[in-house]
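Step one of this worksheet: look at the structure below.
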Amino acid sequence: MKILAIRHGALGDVIQALGPFQAIRRHHAEAHLVALTGSPFAELLRASGWFQEVWVDDRPSLLRLPTLIRTIRRLRDARFAAVYDLQTSSRTAWYFTLMGAPRWSGVAPGCSHPHDNPNRIHMHTVDRQAEQLRIAGIEEVPPPDLAWFGADVSRLDLPENFALLVPGGSRHRPAKRWPYYPALAKALTGRGLTPVVVGAADESDLGRAIVAEAPGAIDLTGRTSLLELGGLARQARIAVGNDTGPMHATAALGCPSLVLFSEESDPARCAPRGEAVGTMRRIHLKDLPVTDVLQEAAGLARLP
């Protein structure tokens, strides 16, 4: 029996789907489980060991019609016995129409197990997905076992005491970016921690700005895989970052994580979940002082 679980991305969305993915795996222990995700997350999901196959779907547009046709044909030919649509988008609803799977958990009109809570869009992502799976017959969605989430980072030759900084995030939503990471890096250096900047390759300008202000900082933007990010999170004393994907990873892996929110997003709906997570929010992040962030981070990580 083949089962399909869908979550395309972005990173924070995929991290928050790890608990549901593992719950689906446990519920269908003998099934051939397939994940459908975006190419940036395929390696991560393969490393989990929960899936027999991980298929890549980068959501081709109608302008890439041959690729789109191949995707649809592959999904139809697989004849999945059940589909768990954690993406719940208009695109995956269209997939439902074309595939005709007998059991479909999601929001597609006409599906067998709809998540029809009218308040679903106001729920935290983790709670919303857990409720969706309960409706489909999966009663428990505990925090996932992430022992597999990590990689050897010895090649980076990092000091023993370091703090992860995540100054990036979506470029088309600049209001979600706190502007004072260079000053925070300098202050953390004074506390005996080496600031280590992580992020995508196109965020290297942020890394350079931090190193310029705090010369002891280490810029790893664009230099780590998702699994290596896990390795860093397991060793860091604290992670401080914006409401962006890597902070979901650090929090899920137990690293004390302080996440900074503006009016652009609501921590009640999307804050990372983990053992030691703190949030701070201002309407405009420029109004959140470095001293306040440093004090909160020090308490969360029990810094001197």
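The values are calculated or read from the model by the stated rules, or taken from the named source; none is laboratory data. Here the structure is a predicted model, which is why all the values come from computation and not from measurement. Cβ atoms come from the backbone with ideal geometry, glycine included; neighbour counts cover every protein chain shown.
Data overview
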quantity	calculated
Failed item in (1) without any contact (Cβ under 8 Å) to a residue 24 or more places away in the chain; (2) on the phi < 0 side of the Ramachandran plot, with Gln129 passing the rest	(1)
Residue match in segment 245-253 (condition: part of a loop (DSSP other than H, G, I, E, B) and in contact with a Leu (Cβ under 9 Å, 6 or more places away or on another chain))	yes
Subset of segment 181-203 (residues that are in a loop (DSSP other than H, G, I, E, B) and surrounded by 19 or more Cβ atoms within 10 Å (Cβ to Cβ))	Leu193, Val198, Gly199
So Thr221, is it of a type in the set (S, T, N, Q), modelled with pLDDT of 95 or more and either crowded, with 21+ Cβ neighbours inside 10 Å or in contact with a Cys (Cβ under 7 Å, 6 or more places away or on another chain) (or both)	yes
Residue list for segment 44-89, restricted to those being among the polar types (S, T, N, Q) and either at pLDDT 95 or above or assigned to a loop (DSSP other than H, G, I, E, B) (or both)	Ser48, Gln52, Ser61, Gln87, Thr88, Ser89
Every residue from segment 1-39 that is under 15 Å from the mean Cα position of the chain (by Cα), under 21 Å from Tyr95 (Cα atoms) and not aliphatic (A, V, I, L, M)	Arg7, His8, Gly9, Asp13, Pro20, Phe21, Thr37, Gly38, Ser39
In segment 96-134, the residues that are in a loop (DSSP other than H, G, I, E, B) and among the charged types (D, E, K, R)	Asp116
In segment 1-43, the residues that are assigned to a loop (DSSP other than H, G, I, E, B) and of a type in the set (Gly, Ala, Ser)	Gly9, Ala10, Ala17, Ala29, Ala31, Gly38
Selection count where residues are outside any loop (DSSP other than H, G, I, E, B) and either in contact (Cβ under 8 Å) with a residue 24 or more places away in the chain or assigned by TED's automatic domain parsing to the domain that holds Glu43 (or both), scope segment 212-234	12
Filtered residue count, segment 135-150, keeping only those that are out of contact with any His (no Cβ under 8 Å at 6 or more places or on another chain) and crowded, with 16+ Cβ neighbours inside 10 Å	5
Selected residue [in a helix (DSSP H, G or I) and either without any contact (Cβ under 8 Å) to a residue 40 or more places away in the chain or loosely packed, with under 13 Cβ neighbours inside 10 Å (or both)] from Arg171, Arg208	Arg208
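Conditions (1) of a type outside the set (Asp, Glu); (2) at pLDDT 95 or above; (3) closer than 20 Å to Pro267 by Cα, marked per residue:
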{"site": "Val107", "(1), (2), (3)": "yes, yes, no"}
{"site": "Val126", "(1), (2), (3)": "yes, yes, yes"}
{"site": "Gln129", "(1), (2), (3)": "yes, yes, yes"}
{"site": "Glu139", "(1), (2), (3)": "no, yes, no"}
{"site": "Pro144", "(1), (2), (3)": "yes, yes, no"}
{"site": "Ala147", "(1), (2), (3)": "yes, yes, no"}
{"site": "Gly150", "(1), (2), (3)": "yes, yes, no"}
